[in-house]
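First comes the structure, then the notes that go with it.
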Amino acid sequence: MEHHGQLKPIISMSHVGKTYLSIHKSNEVVRDVSLDVAENEFVVLFGPGQCGKTTLINLIAGLQLPTTGEVYVDGKKVEAPGSDRGVVYQTTALFPFCTVMGNVEFGPKSRGIPKKERRERAQYFINLVGLQGFENSYPNRLSGGMRQRVGIARAYANDPKVMLMDEPFGHLDAQTRYMMEAELEKIWQKEKRTVVFVTNNSEEAVYLADRIIILTNTPTHIKQEVRVDLPRPRQYSDPAFLEIRRQIEEICDDTL
């Protein structure tokens, strides 16, 4: 495992493999992945659809356990989900019976944080994602992009060390997606967290990442990593941006 700079990694995956067993066959999805992610680093897992990216997110989240190898977050072996890891999926699993405020303060409430404190905390993140004025709205009254903002605010309000984001903008139309990428980048700059973000969109990867981990087809392993040393916020039309995008697409074409 490579340590980036002198920072202690907050996420450490060591020779991680995942095989699903059924009566008739075994299905190896992840093969020998070793990866360190530094504190406050924004890492993008990039690869073809169905290659095992979601499985890697679930292994870090503790929703699944590796067949081989080990996953550590903040020095502790991952053996179950925990509030130190926030997860945002493509489909926001918001509680339909809760308002925006109710959804965002749900985590702190379930951890027993007093009402005044959790309400202030929830309001801060509702404001941060640009949903002030919608505190009393229910999810069915919100657009897809707004629901995704609630999901991000809810994950942040639980004060996780690590944010795991599995193609959160994958189902949005192009215009909303661009807007949400810019919003997320702004939120991350203001409220730094370690982020592991899954996408199969090369433009999105280059816009958001400090480092792009390019994965192979299943069983997935790390093909290559690409550092994105461009100033933020990035411009999609910048020649340096387009060159990195071309580079990662070329690496992926060799992979498939």
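The values are calculated or read from the model by the stated rules, or taken from the named source; none is laboratory data. All values derive from a computational prediction rather than experimental measurement. Heads up, the Cβs are rebuilt from the backbone with ideal geometry, glycines too, and the neighbour counts pull from every protein chain shown.
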Can you tell me which residues in the stretch 61-93 are closer than 24 Å to Val150 by Cα and part of a loop (DSSP other than H, G, I, E, B)?
-> Gly62, Leu63, Pro81, Gly82, Ser83, Asp84, Tyr89, Gln90, Thr91, Thr92, Ala93
Residue match in the stretch 25-36 (condition: under 30 Å from Gly130 (Cα atoms) and either part of a helix (DSSP H, G or I) or not basic (Lys, Arg) (or both)) | no
Exactly one of Met1, Met13 is modelled with pLDDT of 90 or more and either crowded, with 19+ Cβ neighbours inside 10 Å or not β-branched (Val, Ile, Thr) (or both), and that one is Met13
Please go through the stretch 16-57 and pick out each residue that is crowded, with 19+ Cβ neighbours inside 10 Å, aliphatic (A, V, I, L, M) and within 17 Å of Thr68 (Cα to Cα).
-> Val16, Val29, Val30, Val33, Leu35, Leu56, Ile57
Considering (1) modelled with pLDDT of 95 or more; (2) touching a Pro at 6+ places or on another chain (Cβ under 8 Å); (3) assigned by TED's automatic domain parsing to the domain that holds Trp188, say which one Phe42 fails and leave the rest.
-> (2)
If Lys223 passes every condition in (1) basic (Lys, Arg); (2) surrounded by 15 or more Cβ atoms within 10 Å (Cβ to Cβ); (3) part of a helix (DSSP H, G or I) but one, which one does it miss?
-> (3)
Name, by its number, the condition in (1) surrounded by fewer than 17 Cβ atoms within 10 Å (Cβ to Cβ); (2) of a type outside the set (A, V, I, L, M); (3) farther than 22 Å from Leu45 by Cβ that does not hold for His171.
-> (3)
Picking from Pro139, Pro108, Pro114, the residue that is farther than 24 Å from Arg177 by Cα and in contact (Cβ under 8 Å) with a residue 40 or more places away in the chain would be Pro108
So how many residues does the stretch 226-245 have that are in contact with a strand residue (DSSP E or B) (Cβ under 6 Å, 6 or more places away or on another chain) and surrounded by 13 or more Cβ atoms within 10 Å (Cβ to Cβ)?
-> 1
Can you tell me which residue within the stretch 97-127, out of those that are under 23 Å from the mean Cα position of the chain (by Cα) and outside any helix (DSSP H, G or I), is surrounded by the most Cβ atoms within 10 Å (Cβ to Cβ)?
-> Glu105
